[in-house]
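Okay, structure first, notes after.
The values are calculated or read from the model by the stated rules, or taken from the named source; none is laboratory data. Because the structure is predicted, anything quoted here is derived from the model rather than measured. Counting neighbours? That spans all protein chains shown, and the Cβs are built from the backbone with ideal geometry, glycine included. Side chains are part of the model used for accessible areas, which takes the heavy atoms of the whole protein and leaves out ligands, DNA and RNA. Shrake-Rupley method; radii C 1.70, N 1.55, O 1.52, S 1.80 Å.
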Amino acid sequence: SWIPETFKRIQDAVSMHRANVMIMTCLAILAVDFRAFPRKYAKTEFYGTSLMDAGVGSIILCSSFVEGLKVMGSSRYRAKEKQNR
């Protein structure tokens with residue numbers, strides 16, 4: 001395989017982080033409807049940040065990492081890298 005070992009480790013780490021963030025954010029979105037869940041962890045209504053806001057931001061960040069990894073893994077990108085050498 002052309003993929004170096006470090007690239008594979010980065011891909012695995014991003015996938016694991018993405019899955020954990022998605023699960024935690026989904027649980028927070030579901031749990032906010034119950035009284036036992038503290039309102040301070042729900043999405044902010046006027047200003048500031050909360051746990052749920054950080055989760056949504058992290059999902060967006062992870063999506064950009066995954067898109068970058070996908071582009072780096074494409075055959076077009078590899079051909080372009082070979083031309084630049």
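Points to keep in mind about this one:
- Within region 21-47, the residues that satisfy the criterion of being open to solvent by 80 Å² or more (accessible area, probe 1.4 Å) and part of a helix (DSSP H, G or I) are M22, I23, M24, L27, I29, L30, R39, K40, Y41.
- Check on G57, out of contact with any Phe, Trp or Tyr (no Cβ under 6 Å at 6 or more places or on another chain), at pLDDT 80 or above and open to solvent by less than 80 Å² (accessible area, probe 1.4 Å): yes
- Taking residues in region 7-35 that are farther than 13 Å from F65 by Cβ, and partners anywhere that are among the polar types (S, T, N, Q), the pairs with Cβ atoms closer than 8 Å and at least 6 places apart or on different chains are T25/S58.
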